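These notes concern the structure reproduced below.
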Amino acid sequence: MKTYLVTGGAGFIGSNFVQYMLNKYNDVKIINVDALTYAGNLENLKSIEGHKNYLFIQADICDAAAIGGIFEDNEIDYVVNFAAESHVDRSIEHPEVFVQTNVLGTLNLLNMAKKYWSIGDDEFKEGKKYLQVSTDEVYGSLGETGYFTEVTPLDPRSPYSASKASADMLVKAYSDTYKLPVNITRCSNNYGPFHFPEKLIPLIINNCLKHEKVPVYGDGLNVRDWLYVEDHCKAIDMVLRNGRLGEVYNVGGHNERTNIDIVKTVISYLNKNHDQSINEELIAYVKDRKGHDRRYAIDPTKITNELGWVPDTKFEDGIVKTIEWYLSNQGWMERVTSGDYKDYYSKMYSGK
Ligand code: NAD
């Protein structure tokens, strides 16, 4: 039995990962630590409530006493750090909280892993690993050609990506300086169930279902590389088990799409399969995001060659599964878009 300390497991990818692992293995125990910010939602984990190998603890990853206490009480084998402030637009408005959670929170987790796993100078207990869930955004922006590889220099351009790149540098430093056993994964844009509707795909679905305008930044031609969330979970599992210590692994499925292509794909599906009054007239181009990165694209050769990872879900299937999930879970969407979300949304897209 391996014990995983999963942070941010009540968010989008973290909650998918917790469910993926508990559904796949009988010999894993998951301790999910989440501060339950606006993005954390225990409703995402309803399917595994009461599972004998699952424990939820509400705590902030910056809280040394709380995280230290979890290491004291449990023999942690793996730390998987999803916890983060994750939305670029919010980072442009309030960078401080991004540095606090993404940088100082990571530092605290590294310190706790180092303290509780250490058995001497540069020596750690067998079989331990800290995995930092990072993003392709740390590499900056691409032109029309080329791909990010693991040796592409870091060139973060938003407060969000700068905070994630800083965290990655700390993880690397703990590997180089103290020999802490670590891996970093850098994944492209994820989509799938339980995605908070400030992000593009659930935002499009939510607005279409309410017959509200769908805001598209700038000319809509920014390119993102989309991966179904379960394929990201599978990659993290493989890197934890077999990734070479100290290595970075890029994760992406060679699925580049412009934002406007994504918007039109979702609208077309909803129009044909749900409600004919949903159509492209809902599209509204709005002022571009400050410093908006033009294109991201991942080269996943390393994780494919070394670990045999390939994505299982084609975009054409994943997007249908995703839209159908939101159609079947409109109550979930209603609940997460009430309250604070409304204030945030009207501030971001009021045309200011
Ligand atoms: P999310 O915003 O949906 O979830 C983040 C979770 O972290 C929430 O449950 C929140 O409550 C929790 N959290 C925030 N601050 C915390 C703190 N101080 N202490 C404890 N918990 C805290 O994010 P996501 O989209 O699921 O992303 C998860 C991770 O994956 C992030 O590190 C992100 O940078 C990375 N990532 C995301 C994508 C993507 O497309 N969403 C792609 C690549 C990498």
Residues of the stretch 1-27 being of a type in the set (Phe, Trp, Tyr) and either more than 18 Å from Val251 (Cβ to Cβ) or crowded, with 24+ Cβ neighbours inside 10 Å (or both), which ones?
Tyr4, Phe12, Phe17, Tyr25
Filter the stretch 275-309 down to the residues that are without any contact (Cβ under 8 Å) to a residue 40 or more places away in the chain and within 29 Å of Leu154 (Cβ to Cβ) and list them by number.
Thr304, Asn305
Of the candidates Gln100, Gln132, the one satisfying the condition of being assigned to a strand (DSSP E or B) and without any contact (Cβ under 8 Å) to a residue 60 or more places away in the chain is Gln132
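Condition check ((1) farther than 17 Å from His292 by Cβ; (2) touching a Pro at 6+ places or on another chain (Cβ under 6 Å); (3) surrounded by fewer than 22 Cβ atoms within 10 Å (Cβ to Cβ)) across all residues:
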residue	(1), (2), (3)
Tyr160	no, no, no
Ser163	yes, no, no
Ala167	yes, no, no
Val171	yes, no, no
Thr177	yes, no, yes
Pro181	yes, no, yes
Ile184	yes, no, no
Gly192	yes, no, no
Checking Thr258 against (1) surrounded by 16 or more Cβ atoms within 10 Å (Cβ to Cβ); (2) at pLDDT below 95; (3) in contact with a Gly (Cβ under 9 Å, 6 or more places away or on another chain), which test does it fail?
(2)
Being at pLDDT 95 or above and closer than 18 Å to Thr135 by Cβ narrows it down to one residue among Asn207, Asn305, Asn250, Asn273; which is it?
Asn250
Does Glu137 satisfy the criteria of being of a type outside the set (Phe, Trp, Tyr), within 18 Å of Val223 (Cβ to Cβ) and assigned to a helix (DSSP H, G or I)?
yes
Counting only residues that are within 12 Å of the ligand (Cβ to nearest atom) and of a type in the set (Lys, Arg), which one in the stretch 194-233 is surrounded by the most Cβ atoms within 10 Å (Cβ to Cβ)?
Arg224
What are the pairs with Cβ atoms under 9 angstrom where one residue, in the stretch 37-57, is surrounded by 18 or more Cβ atoms within 10 Å (Cβ to Cβ) and the other, located anywhere, is among the hydroxyl-bearing types (Ser, Thr, Tyr)? Sequence gap at least six, or different chains.
Ala39/Ser86; Gly40/Ser15; Asn41/Ser15; Asn44/Ser15; Leu45/Ser15; Leu45/Tyr54; Ile48/Tyr54
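The values are calculated or read from the model by the stated rules, or taken from the named source; none is laboratory data. A quick note: this is a predicted structure, and the numbers were derived from the prediction, not measured. With ideal geometry, Cβ positions are generated from the backbone for all residues, glycine too; neighbour counts draw on all protein chains shown.
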